[in-house]
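The values are calculated or read from the model by the stated rules, or taken from the named source; none is laboratory data. Because the structure is a prediction, the values reported are computed rather than measured. Using ideal geometry, Cβ is built from the backbone for each residue, glycine included, and neighbour counts are taken over all protein chains shown. Calculation scope for accessible area: heavy atoms of the full protein, side chains included, ligands and nucleic acids excluded. Shrake-Rupley method; radii C 1.70, N 1.55, O 1.52, S 1.80 Å.
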Amino acid sequence: MPERPKTDDADDADWRKRAEEAERERDRLRRENERLRQQVDHLKRQLADARRAGFRQAAPFAKPLKPHPKRPGRKAGRAYGPKARRRIPSQVDERYDVPLPAQCPTCAGRVIETAVATQYQEELPVTRVVVRQFDLHVGRCDGCGRRVQGRHPLQTSDAIGAAAAQLGAQVIALVVVLNKQLGLSFGKITTLLQQLYGLTVTRSGWVHAVHRAARQAAPTYDALCARVRGSPMVSPDETGWKVEGRLQWLWAFATPDTTVYRIQPGRGFEEAAAVLGADFAGVLVRDGWAPYRQFTAAAHQTCLAHLLRRCRLVAADHPHTTFATDVQVILQQALEVRDRHHAGVVSAHGLAVVRGQLITRLADRLDRSCRVPDVERFAAHLEREFTAIWSFLFDPTIDATNWRAEHAIRPAVVTRKVCGGNRSWAGADSQQILASVIRTASERELNPHVVLASMLHVRTPHVAAELN
């Protein structure tokens, strides 16, 4: 309040009146400011919810319908698009001759043959469950007195007596693929196999069979972890996962030919180091999650897709600043010169020249960031990640994004939508082992069903030859 001047009584009353009005105006402005602040916070929350909803694909978070959708169905004329048909089978197993009818079905006239056409049909064989009986010869060693029992290559267990009725390797491998790769629940698997083959097994019976498959695959899983630990380039990522109804974290560690999953209680450095080792010295292609920076012996490549996405969000929120758009242009030019180098248009020397120019441009732009809080946070993140932004330009064999880990996480996210996670830590252990074997077999263009069946036939678990 300004200093009160010396006045007479009339002026004094007028001064007090104006002071009261000024105080009331300050109170009104203070209330208005608080109302606007709450409104801004509410709008920010709505914007964040709308952005998250844009990435969701399942109801009730489906994207809204288009106001003017295109007419469904095939287009006429040239707009039809490329014409395609089923491929002609390369092998024919059965052949049938289909003669003409004796007379025309319309007028009963004589039919004259003019040509022979060919049609192909691909069909599933009519199958039934094969029940095998193994007559096991049992004896005793004359030297040590130990009991000895024979074993057939098709057996999956040595159990007899109360556990004499076993499931074969093919059916167990099929159930593992249906559950761990395709995401079918044990209830749906029970229904499917009962309807197709008449095979009746309880859901708990399938659970025990899956756990047994995981025990057989455990040495292979350990070998895959060791391969990831020694890989020259690994892309890690993590997502939430429930075990016993409590939040845990499912990690994925992806290389060009191997993927390993690990379900752990946290998402910090200790959990990542449990798989990679604290002294991992390869290249870590990862997002901006802070614990990854604690791998001090490793070279780092931060995901440019995450940075470009953040550029677009900051630019949309603060269109009056050019910081985010300037950074976006630099990063996109870095990806373009990488692609041109791979295509043979830019030489190694040209790549080095452009790399130096882009590094200088980004450093200069970081020195001129504005004082908008969101922009300052983004600039601080870029400064922390600065050396990890350019690794793919120093070594073009390094991935510029963590797409390998993102692709590896995606099947787990689909499975999580179906089952929500695992009911026990035994189930979580089987999940990480079998999902790793299936994913790695698929990456190496192997049939996961065949790989799993071969593991189930051996008496003592060991590393699968196909994945060694």
Task: Residue among G168, L100, Q46 farthest towards the positive dipole end of the stretch 32-174, charges placed on Cβ - done: Q46
Open item on the list: Keeping all protein chains in the complex and leaving out DNA, RNA and ligands, what accessible area do you get for T296 with a 1.4 Å probe, in Å² to the nearest 10?
Closed with: 120
- [ ] For R31, tell me the accessible area in Å² from a 1.4 Å probe, rounded to the nearest 10.
- [x] 150
Task: Share of pairwise Cα separations in the stretch 336-468, more than 24 Å, in percent - done: 59
- [ ] Within 10 Å, count the other beta carbons around each residue, average over each peptide in 135-141, 69-75, and list them highest first.
- [x] 135-141, 69-75
TODO: Would you mind classifying the stretch 208-290 by shape? Square roots of the alpha carbon gyration tensor eigenvalues, ordered a ≥ b ≥ c; an a/c under 1.5 is rounded, otherwise it is prolate if a/b is larger than b/c and oblate if not.
DONE: oblate
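Quick check: with the 1.4 Å probe, what order do R18, R267, R212 take by accessible area, largest first? All intermediate terms of the calculation are to be shown ahead of the outcome.
Numbers: R18 125, R267 75, R212 50 Å².
Ranked list, largest accessible area first: R18, R267, R212.
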Task: Selected from Y120, W241, I433, residue furthest toward positive end of dipole (the chain; charges at beta carbon) - done: Y120
- [ ] Ignoring everything but the protein chains, give the 1.4 Å probe accessible area of H306 in square angstrom, nearest 10.
- [x] 60
- [ ] For Kirkwood radius over Cα pairs in Å, several values are listed as (1) 21.8; (2) 29.1; (3) 24.1; flag the one computed from this structure.
- [x] (2)
Open item on the list: Taking the 0 to 90 degree range and rounding to the nearest ten, how far is the long axis of helix 9-55 tilted relative to the main principal axis of the chain, both from C-alpha atoms?
Closed with: 20
Task: Cβ-placed point charges (K, R +1; D, E -1), dipole of the stretch 402-468 about Cα centre in debye, nearest 20 - done: 240
TODO: Return the loop-located trypsin sites (Lys or Arg not before Pro) in the stretch 78-131 (DSSP other than H, G, I, E, B) with at most 15 other Cβ atoms within 10 Å of their own Cβ; answer none if there are none.
DONE: K83, R85, R86, R87, R95, R128
TODO: Could you work out how far helix 323-342 tilts from the main Cα principal axis of the chain, as a 0 to 90 degree angle to the nearest 10?
DONE: 40
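Could you give the size of the charge dipole of the chain about its Cα centre, using +1 on the Cβ of each K and R and -1 on the Cβ of each D and E, expressed in debye and rounded to the nearest 20?
So the magnitude is around 1500 debye.
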Open item on the list: Suppose all protein chains stay in the model; what accessible area per residue would a 1.4 Å probe give for the chain, in Å²?
Closed with: 65
Open item on the list: Taking 0.36 nm per residue of sequence separation and subtracting the Cα-Cα distance, how much length would be gained by fully extending the chain between Q38 and W403, in nm to one decimal?
Closed with: 127.5 nm
TODO: Report the longest stretch of the chain that contains none of the GluC sites (Glu not before Pro) sitting in a DSSP loop with at most 16 other Cβ atoms within 10 Å.
DONE: 245-444
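Where the accessible area of the chain is counted over protein heavy atoms with a 1.4 Å probe, how much of it, in %, is carbon and sulfur?
Carbon plus sulfur share of accessible area: 54 percent.
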TODO: Give the relative contact order (percent, whole number) for the chain; include only Cα pairs under 8 Å separated by 6+ residues.
DONE: 18
TODO: Would you calculate a helix-derived [θ] at 222 nm for the chain, using -39,500 (n - 2.57) for each DSSP H run of n ≥ 4 and dividing by the full residue count, to the nearest 500?
DONE: -15500 deg cm²/dmol
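Pull out the extension gain between F134 and A48, defined as 0.36 nm times the separation in residues minus the alpha carbon to alpha carbon distance; nm, one decimal.
Contour length minus the Cα-Cα distance gives 24.7 nm.
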TODO: Mind pulling the angle between the C-alpha long axis of helix 425-443 and the longest principal axis of the chain? Nearest 10 degrees, somewhere in 0 to 90.
DONE: 80
- [ ] Considering Cα pairs under 8 angstrom that are at least six residues apart, work out the relative contact order of the stretch 153-305 and quote it in whole percent.
- [x] 14
Open item on the list: Between the stretch 73-97 and the stretch 121-188, what is the separation of their alpha carbon centroids in Å?
Closed with: 41
Task: Size of electric dipole in the stretch 251-295: Cβ of Lys, Arg +1 and of Asp, Glu -1, about Cα centre, debye, nearest 20 - done: 100
- [ ] Give the residue from G288, F134, I389 lying farthest towards the positive end of the charge dipole for the chain; charges sit on Cβ (+1 for Lys and Arg, -1 for Asp and Glu) and the dipole is referred to the Cα centre.
- [x] F134
Task: Theoretical gain in end-to-end length, H457 to R110 [0.36 nm per residue, Cα-Cα removed] - done: 118.7 nm
